[in-house]
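The values are calculated or read from the model by the stated rules, or taken from the named source; none is laboratory data. Everything numeric here is computed off the predicted structure, so don't read it as measured data. Using ideal geometry, Cβ is built from the backbone for each residue, glycine included, and neighbour counts are taken over all protein chains shown. Ligands, DNA and RNA are stripped out before the accessible areas are found, and what is left, the full protein with its side chains, is counted by its heavy atoms. Shrake-Rupley method; radii C 1.70, N 1.55, O 1.52, S 1.80 Å.
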There are 2 protein chains.
Amino acid sequence: MSQDSAGVNLETSLGYLLKQASSSLRAAMVEALRPLGMTVTHYSCLELLSQRPGLSNSELARGSFVTRQSMNVLLQTLEREGQVSRPAEPPAGRALPTQLTPAGREALAEATAAVRQVEVQMLAGLTDEEQSTAFRILQSMTDSLRDDSTGA
Amino acid sequence: MSQDSAGVNLETSLGYLLKQASSSLRAAMVEALRPLGMTVTHYSCLELLSQRPGLSNSELARGSFVTRQSMNVLLQTLEREGQVSRPAEPPAGRALPTQLTPAGREALAEATAAVRQVEVQMLAGLTDEEQSTAFRILQSMTDSLRDDSTGA
DNA sequence: TGACTCATGTCAATATTCTGACATACAGTG
DNA sequence: CACTGTATGTCAGAATATTGACATGAGTCA
């Protein structure tokens with residue numbers, strides 16, 4: 001049926017499957033977070049801050065897979081809403097270490113529960129061993145793509 | 001260092017790793033397609049049409065993980081540039097079956113080669129067996145997320 | 001036949017993100 | 001000390017995608 005004359009066959013392409021899985025995950029997260037009035041990036045930011053307090057804007061951006069400009073806009077909003085706090089002046093360099101406020105921690109709690117449910121659903125059909133394998137495989141893919149020995 | 005007091009640990013979360021891998025893949029594809037003046041969605045559209053000629057705008061949108069409105073804008077551009085063609089009137093219903101033109105096929109050839117290199121790089125550290133496992137795992141994740149038995 | 005539902009194509013407006021740019025702060029090097 | 005390179009925060013404009021809305025065509029069912 002499919003004419004695999006040349007190149008990437010979408011039916012069997014791991015790249016395409018990866019995008020498909022990621023897209024499904026994102027859609028599920030958006031839906032899970034919608035009733036909480038929270039976006040995926042918003043959640044990601046709070047979760048990062050919960051696990052690694054004091055992260056800077058740039059570090060949060062990298063961890064959330066957006067530009068530091070986008071993260072900056074979000075942080076300003078969250079600061080205004082009282083979910084995070086940043087010192088008026090940087091303790092060193094230019095980086096402003098960000099902290100979660102009690103309100104932010106509270107907002108995160110609900111979101112974490114919702115997102116965890118999504119992750120559980122995603123892994124429903126996989127054995128523990130398969131999950132371990134998935135961990136290793138995804139890490140390997142990321143690592144292989146990171147070192148840009150393509151021609152730079 | 002990381003306080004895994006509650007919930008999703010980003011260090012070990014398969015959801016986070018999935019996003020990370022997908023993000024790395026996308027970045028690599030953007031970079032690979034940039035010298036060809038082609039976006040990822042543009043490439044995805046052409047590749048889909050190559051493997052399944054006659055796909056409609058909506059079908060292309062779903063296959064490329066964007067809205068049909070976004071795909072429509074792209075198709076109008078590609079039609080103007082002569083990479084794809086659509087009949088003036090729908091043969092049945094409202095769907096307009098889209099075809100790749102020779103120019104489109106030519107543009108796709110270069111892009112496919114570039115993207116294939118990226119995929120090869122991504123899979124460099126994985127054995128054939130691991131790749132088969134990855135295929136099954138990613139498929140399972142997508143399937144598990146698709147059936148929304150969460151509460152709807 | 002008529003009413004209802006669903007999918008599609010398309011236009012417009014909104015939202016979101018990214019790219020470009022600039023000033024600042026620190027580390028390394030001559 | 002001065003210079004260079006790298007990283008950061010931030011502002012502004014541009015590009016991109018999304019949501020909302022409407023009309024059309026096909027299938028279902030009473």
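Remarks
- Derived scalar couplings ³J(HN,Hα) [the range B:30-47; Karplus, 6.51 cos²θ - 1.76 cosθ + 1.60; whole Hz; x for Gly, Pro]: 4, 5, 5, 8, 4, x, 8, x, 10, 8, 5, 5, 4, 4, 4, 4, 5, 5
- Length added when fully stretched, A:Asp143-A:Arg52, from 0.36 nm per residue minus Cα-Cα: 30.5 nm
- Virtual spin-label span in nm between A:Thr39 and A:Ser85, 7 Å along Cα→Cβ: 2.6 nm
- Computed 3J(HN,Hα) for the range B:94-104, one whole-Hz value per residue from the Karplus formula 6.51 cos²θ - 1.76 cosθ + 1.60 where θ = phi - 60°, is 10, 5, 9, x, 9, 10, 7, 8, x, 4, x, glycine and proline marked x.
- Pseudo-label separations to other copies for B:Ser23 - Cα-to-Cβ vector, 7 Å, nm: 2.0
- Nm distances between copies for A:Ala95, ranked from closest, using label points 7 Å along Cα→Cβ: 5.2
- Each copy carries B:Pro35; placing its label point 7 Å along the C-beta direction from Cα gives inter-copy distances of 5.1 nm, listed from smallest up.
- Cα centroid of the range B:76-122 to Cα centroid of the range B:24-42, whole Å: 16 Å
- Here is the list for the range B:33-115: trypsin sites (Lys or Arg not before Pro) lying in DSSP coil, each with at most 15 other C-beta atoms within 10 angstrom of its C-beta, are B:Arg94.
- Relative contact order for the range A:1-140, counting Cα pairs under 8 Å that sit 6 or more residues apart, in percent: 23 percent
- Each residue of the range A:115-130 was assigned a 3J(HN,Hα) from its phi angle through the Karplus expression (A = 6.51, B = -1.76, C = 1.60, θ = phi - 60°), giving 5, 4, 4, 4, 5, 4, 4, 4, 9, 4, x, 10, 6, 4, 5, 5 Hz with x at Gly and Pro.
- Estimated at 0.36 nm per residue, the fully extended path between A:Asn9 and A:Thr101 surpasses their Cα-Cα distance by 28.3 nm.
- Kirkwood analysis of the protein assembly as shown, using all unique Cα-Cα pairs, places the hydrodynamic radius at 21.1 Å.
- Dividing the radius of gyration of the alpha carbons in the range B:21-134 by their Kirkwood radius gives 1.02 for Rg/Rh.
- Of the residues making up the range A:84-122, those losing 30 Å² or more of accessible area when the isolated chain is joined by the remaining protein chains, with a 1.4 Å probe, are A:Arg116, A:Glu119, A:Gln121, A:Met122.
- Of all residues in chain A, the one whose Cβ lies closest to the rotation axis carrying A onto B, together with that distance in whole Å, is A:Ser22, 2.
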